[in-house]
Amino acid sequence: MKKNIVLFTICFGLFSFLACGNTAGFQTNQTGEETTMNQKYFYVTAGGQTFQADFAGNSSAEAFKDLLAKGNLTITMSDYGNFEKVGNLGTTLPRNDTRITTSPGDIILYQGSSITIYYDTNTWSFTRLGKINGVTREELLSALGKGSVQVTFSLERP
């Protein structure tokens, strides 16, 4: 009987220790939910609309994820070339430029220090940070509007 009590106490203590601490690779967000540092998506909010975007699979996207882990990033973005909104990141991320043709929803790192959201196509040497899947040009333009717009990038849904 004494062995069972000792064994129970050890198991309960170990369980309590594991339950109270953050497990490696996990963090707790502001709403108390656990999120993994291996999170595959982020959120883009503009014009009162929020879109979910998938991270690209490169070191630039990982650096962007690390930046967002420090807090939401709100950027003033402006029209450029009638196919994108562009804004300054305020920092430089590593580049992984490859020649690609963009489509609506592509989120691109330009010159290492600017972020763009494409609502139309363009072919150039870019670094993809992510992609809003299943969004149309019209849906993006509805959220982004004309002229300058405040866009917030975050790991948590607003």
*asked:* For Cα pairs less than 8 Å apart in space and 6+ apart in sequence, what is the mean separation divided by the residue count of the range 62-118, i.e. the relative contact order in percent?
replied: 32
*Note, ³J(HN,Hα) from phi for the range 130-136, Karplus 6.51, -1.76, 1.60, rounded to Hz, x at Gly and Pro*: x, 8, 8, 7, x, 9, 9
*For all pairs of alpha-carbon atoms in the range 28-158, what percent lies in each bin of width 10 Å, listed from the first bin to the last filled one?*
13, 48, 33, 5, 0
_Residue-count net charge about D79 - beta-carbon cut-off 9 Å; Lys, Arg +1, Asp, Glu -1_ = +1
*Could you compute the FRET efficiency for K146 and I100, with r as their C-beta to C-beta distance and R0 at 35 Å, rounded to 0.05?*
0.85
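FYI, it's all coordinate maths here, none of it is from the lab. Since this is a predicted model, take the numbers as computed values, not measurements. Cβ atoms come from the backbone with ideal geometry, glycine included; neighbour counts cover every protein chain shown.
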